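Read through the structure below, which is laid out as structure tokens, and then see the notes.
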Amino acid sequence: MEILQLAVRRLANSMRIYVEAHCEFQRLKYIDKEEAIDNLDRAFESKLEAFHSLYDVSKDRVDYFSSADTASVILMRNAIHHRDHLLFKSWNHEMALDEKYKNYLGAEFLLVDYPVLGAPSKMRYFYKLEDFYLRIDESLSSPYLEKKMGAAKRRSLLEKINSELRFLDIKAYAESERYPVGQIYINVMPIFISAICRVFGALKESGLTFSGYDAKVYEEPFTNELEVDFSKFTHMPLRIV
């Protein structure tokens, strides 16, 4: 139980550090854009790593691959941890770093989000929708396929993200509006929030006591207040000019 408590404590601490990096980003981007973007990206990746550490010590208590939210977080972490590809670069990294937005002048992107119930304000962190498919959809013959995951598990996860996260509906809408799949970005923060709610809730029900300041601060919101409504999604066009 103490090992679980330490893993939850580390994850909660990484979540707090990300919030601080996000707040600092708004100031730092005017002073040093590269540092602002890199700091935020590393802070988000730290959350993914801490989530995976908790997965390692709690997978006998929580079935992480039975739900799209928790499985997707593991997928993102593994992709970023091994980094043998150019997938899963944040919107800020892809567009703002080194003025790469100039490569997309005139292009219109679709930014997709999910409502988070119980949250007065919400941070956003976007990854390209296509990157998820390039990791698990065998039909694409992607050189970046997740090879550490078995074929059956990849197919199962593909079905889950298509239905539970409504990726299939998002793609259908984007196609109807003539957006190329490479120009669709998903806010992954609601997916992460939903995954934390699921895991923290399950661990608390199993008798885990949250210890440490950060863990205690996040306990109530993520076990009793926050909820992500994946039955709806919002979409905002953004043209690079």
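Filter segment 76-98 for residues that are on the phi > 0 side of the Ramachandran plot and in contact with a helix residue (DSSP H, G or I) (Cβ under 9 Å, 6 or more places away or on another chain); which is modelled with the lowest pLDDT? Only one residue tops the list, namely ASP98. The combined condition, being touching a strand residue (DSSP E or B) at 6+ places or on another chain (Cβ under 6 Å) and either open to solvent by less than 30 Å² (accessible area, probe 1.4 Å) or at pLDDT below 95 (or both), is fulfilled by VAL188. When the criteria are applied in full, SER72 meets the requirement of being under 16 Å from the mean Cα position of the chain (by Cα), at pLDDT 95 or above and of a type in the set (Gly, Ala, Ser).
Okay, residues lined up against (1) closer than 14 Å to SER194 by Cβ; (2) open to solvent by 40 Å² or more (accessible area, probe 1.4 Å); (3) of a type in the set (A, V, I, L, M, F, W, C):
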| residue | (1), (2), (3) |
| --- | --- |
| LEU28 | no, no, yes |
| LYS33 | no, yes, no |
| ALA43 | no, no, yes |
| TYR55 | no, no, no |
| ASP60 | no, yes, no |
| ASP69 | yes, no, no |
| SER72 | yes, no, no |
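Filter segment 197-215 down to residues that are in contact (Cβ under 8 Å) with a residue 12 or more places away in the chain, part of a helix (DSSP H, G or I) and not aliphatic (A, V, I, L, M) and give me whichever is least open to solvent (accessible area, probe 1.4 Å). The selected residue is PHE200. If the condition is being touching a residue at least 24 places away in the same chain (Cβ under 8 Å) and either farther than 30 Å from GLU159 by Cα or of a type outside the set (D, E, K, R) (or both), then segment 39-54 contributes LEU40, ALA43, PHE44, SER46, LEU48, ALA50, PHE51, HIS52, SER53, LEU54. Each residue in segment 120-157 was checked for being among the polar types (S, T, N, Q) and closer than 22 Å to ASP63 by Cα, and 1 pass.
Taking the residues in segment 1-31 that are acidic (Asp, Glu) and more than 15 Å from SER211 (Cα to Cα) as candidates, determine which candidate is farthest from the chain's Cα centre (by Cα). Only one residue fits best here, namely GLU24. For segment 96-121, residues that are open to solvent by less than 50 Å² (accessible area, probe 1.4 Å) and in a loop (DSSP other than H, G, I, E, B) total 6. Filtered by the rule that a residue be open to solvent by less than 40 Å² (accessible area, probe 1.4 Å) and part of a loop (DSSP other than H, G, I, E, B), segment 122-146 gives TYR125, ASP137, SER142, LEU145, GLU146.
Applying the criterion of being assigned to a helix (DSSP H, G or I) and among the charged types (D, E, K, R) to the residues of segment 220-241, the residue that is farthest from LEU208 (Cα to Cα) is GLU225.
The values are calculated or read from the model by the stated rules, or taken from the named source; none is laboratory data. For clarity, every value in this text was computed on a predicted model and none was experimentally measured. We place every Cβ from the backbone using ideal geometry, glycine too, and count neighbours over all the protein chains shown. When the accessible area is computed, the model is the full protein with side chains, heavy atoms only, and any ligands, DNA or RNA have been set aside. Shrake-Rupley method; radii C 1.70, N 1.55, O 1.52, S 1.80 Å.
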